[in-house]
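The values are calculated or read from the model by the stated rules, or taken from the named source; none is laboratory data. Because the structure is predicted, anything quoted here is derived from the model rather than measured. No Cβ is skipped: glycine too gets one built from the backbone with ideal geometry, and neighbour counts run over all protein chains shown.
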Amino acid sequence: MNIYFKGYWNKQPCSESKLHKMIADTDNHQEAIMLTQSWIEEEKHNILSPILCVTNDNKEGNKVANEAA
C-alpha cells in the first residue's frame, strides 16, 4: 500500500514541507495507516495534513518494505 501525507523533518523549517509517500507491506488500509502513523512518531516527522491517500499498487503480491520516499 502507498500512503501519502504532507510533512517535514523535526529539525527542518516548516517551509521545507513536501508530499511524502510511504510504502507499507500490507494489503489492509487501516493497518497501513497505523504503520505510517507509528513511523511518523518514531522518526520525529512533523505531519501537516491527515493521511491524504492510501492506494494499493501492490496487486501482484510483491513484497515491499516500509520506507519513506
Could you run through the stretch 1-11 and say how many residues are surrounded by 13 or more Cβ atoms within 10 Å (Cβ to Cβ) and polar (S, T, N, Q)?
1
If Ile51 passes every condition in (1) of a type in the set (A, V, I, L, M); (2) modelled with pLDDT of 85 or more; (3) assigned to a loop (DSSP other than H, G, I, E, B) but one, which one does it miss?
(2)
Counting only residues in the stretch 18-48 that are assigned to a loop (DSSP other than H, G, I, E, B) and touching a Ser or Thr at 6+ places or on another chain (Cβ under 9 Å), the one surrounded by the most Cβ atoms within 10 Å (Cβ to Cβ) is identified as Ala24
Look at the stretch 6-17 and say how many of its residues are part of a strand (DSSP E or B) and over 16 Å from Glu42 (Cα atoms).
1
Within the stretch 2-11, the count of residues that are in contact with a strand residue (DSSP E or B) (Cβ under 8 Å, 6 or more places away or on another chain) and at pLDDT below 85 comes to 3
